[in-house]
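*Asks:* Below is one structure. I have some questions about it.
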Amino acid sequence: MHDEQQRPDHGPLSGFTVGVTAARRADELGALLQRRGATVVHAPALRIVPLADDSELLDATKELVGNAPDVVVATTAIGFRGWVEAADGWGLGEDLLARLRGVELLARGPKVKGAIRAQGLTEEWSPSSESMAEVLDRLLDEGVDGRRVAVQLHGEPLPGFVESLRAAGAEVIPVPVYRWMPPEDIGPVDRLLDAALTRGLDALTFTSAPAAASLLSRAEDRGLHAELLAALHHDVLPACVGPVTALPLQAHGIDTVQPERFRLGPLVQLLCQELPGRARTLPIAGHQVEIRGHAVLVDGALRPVPPAGMSLLRTLARRPGWVVARSELLRALPGAGRDEHAVETAMARLRTALGAPKLIQTVVKRGYRLALDPAADSKYADV
């Protein structure tokens, strides 16, 4: 029973807001984040062209059926399955599988191997690392000069992969499974961008390079490119499922965090470590106070705080223990105008939300200060 009482009433991501840009598996990612307490803002930065309507994929499939490749590289399980299903819909399924039985079939990892074997095929080789670099090394070691190599793409760039094969003399046939297009309704993306710029997000997740590139492109269209980069540099944590996904952000000098295993679960676990680790924790009036995105932990208890209150608290926490004038606090309030009475109203609500009124002291005729514990004064004096 004692353990039950000790368990916190919140998840590791409670009090944090996470943006999700994914088009595919967004529900799964959102559910994983919400289960750990996060507030999720979802705006698919892309939409996927339905395979049955994709003339480029149809053309590539016809070419491979009509003229056998020497090697086929399968990069993703969902992409490989989707390709075979689309071929079935076009009446080419049996012809495609027959063609794939007679070629050197390489699978990028175990999930792709499973998809290949489910079609009654057998892969010739698969790297233990799930790395396309290892697949490339094997092909180059074998020698590809004069060989036809089909590469099943998945809407992701494969930096240097196709170029390296062509430079070594291969004829490369890209198989463009799942092409990306801009979303039909740009409204949610604009709202997500606005939330990032106003620091209404604590983290922004990316599960594909095209989604990252699309968000940057939309910011540029709206004249907000520099502002978005500034937000991602300083306040909004960009979290990518893997290094390929991070490339468009890295090209603009943005450092990202990535899990060691390129999966949704590890991505969420990484956020569970990173976001609480970035939160400010201060000893105030005998309490431990951790300032999160839209909530505060007071001695481990979660206290949701309205946006105006969070703005005031962050301003006070920039110089803990120092008096902050009402005029400066007024500037921190979103859309407050010039009436300093708005500060008093927001401050009263903040104190109520925190549940410990003595955390914030009123200094008559001067302003407000966090009641930093005396032992902490010297540590935070120059913050």
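The values are calculated or read from the model by the stated rules, or taken from the named source; none is laboratory data. In this text the structure is predicted, and so the values were computed from the model without any measurement. Note: ideal-geometry Cβ built from the backbone for every residue, glycine included; neighbour counts use all protein chains shown. Please note that ligands, DNA and RNA were not included when accessible areas were found on the heavy atoms of the full protein model with its side chains. Shrake-Rupley method; radii C 1.70, N 1.55, O 1.52, S 1.80 Å.
*Asks:* Can you give me the convex hull volume of the Cα atoms of segment 75-218, divided per residue and expressed in Å³?
*Replies:* 142
*Asks:* A further question on this structure: Taking each pair of distinct Cα atoms in the chain once, what is the resulting Kirkwood hydrodynamic radius in Å?
*Replies:* 23.9
*Asks:* I've got another one for you. Summarise the accessible area of the chain (1.4 Å probe, protein heavy atoms) by the percent that is carbon and sulfur.
*Replies:* That fraction is 49 percent.
*Asks:* So what is the relative contact order of the chain, in percent, for Cα pairs below 8 Å that sit 6 or more residues apart?
*Replies:* 15
*Asks:* How far, in degrees from 0 to 90, does helix 132-142 lean away from the longest principal axis of the Cα atoms of the chain, to the nearest 10?
*Replies:* Once rounded, the angle reads 30 degrees.
*Asks:* Work out Dmax and Rg for segment 65-133 from the C-alpha atoms and quote the Rg first, both in angstrom.
*Replies:* 11.5, 35
*Asks:* Using only the alpha-carbon atoms of segment 308-378 as identical scatterers, what base-10 log of I(q)/I(0) does the Debye formula give at q = 0.15, 0.19, 0.22, 0.25 Å⁻¹?
*Replies:* Calculated log10 I(q)/I(0) at the listed q: -0.43, -0.69, -0.93, -1.18.
*Asks:* Cα axis of helix 307-318 to longest principal axis of the chain: angle in degrees, 0 to 90, nearest 10?
*Replies:* 80
*Asks:* Which order do Thr39, Thr76, Thr122 take by accessible area at a 1.4 Å probe, largest first?
*Replies:* The most accessible residue leads, giving Thr122, Thr39, Thr76.
*Asks:* Using only Cα atoms and rounding to the nearest 10 degrees, what angle (0 to 90) does helix 225-234 make with the longest principal axis of the chain?
*Replies:* 70
*Asks:* Could you tell me what percent of the DSSP beta bridges with both partners in the chain are antiparallel, to the nearest 5?
*Replies:* Of all bridge pairs located within the chain, approximately 45 percent are antiparallel.
*Asks:* Further, regarding this structure: Using the heavy atoms of the protein chains and a 1.4 angstrom probe, tell me the accessible area per residue for the chain in square angstrom.
*Replies:* Counting only protein heavy atoms, the per-residue value for the chain is 47 Å².
*Asks:* Pick from Val323, Val296, Val41: which residue has the top mean-square fluctuation in a GNM of the chain where Cα pairs under 10 Å get a spring?
*Replies:* Val323
*Asks:* Just going by the charge dipole of the chain, with Lys and Arg at +1 and Asp and Glu at -1 on Cβ, which of Gly89, Ser128, Gly11 is farthest out on the positive end?
*Replies:* Gly11
*Asks:* Based on the Cβ-Cβ distance of Ala325 and Asp235, what FRET efficiency does E = 1/(1 + (r/R0)^6) give at R0 = 35 Å, to the nearest 0.05? Before the final figure, lay out each step's value.
*Replies:* Numbers: r = 24 Å, r/R0 = 0.68.
Plugging the Cβ-Cβ distance into 1/(1 + (r/R0)^6) gives 0.90.
*Asks:* How high is the relative contact order of segment 31-167? Use alpha-carbon pairs under 8 Å, at least six apart in sequence, and give a whole percent.
*Replies:* The value is 26 percent.
*Asks:* Using just the helices of the chain, give the 222 nm mean residue ellipticity in deg cm²/dmol: DSSP H runs with n ≥ 4 each add -39,500 (n - 2.57), and the total is spread over all residues, rounded to 500.
*Replies:* Calculated from helices alone, the mean residue ellipticity at 222 nm is -13000 deg cm²/dmol.
*Asks:* Ok, one more. Quick one: length gained pulling Gln269 to Asp137 fully straight, 0.36 nm per residue minus the C-alpha distance?
*Replies:* Numbers: separation 132, 0.36 × 132 = 47.52 nm, distance 3.16 nm.
Extra length from Gln269 to Asp137 when fully extended: 44.4 nm.
*Asks:* OK, next. Taking 8 Å as the Cα distance limit and 6 or more residues as the minimum spacing, I'd like the relative contact order of segment 245-383 as a percentage.
*Replies:* 22
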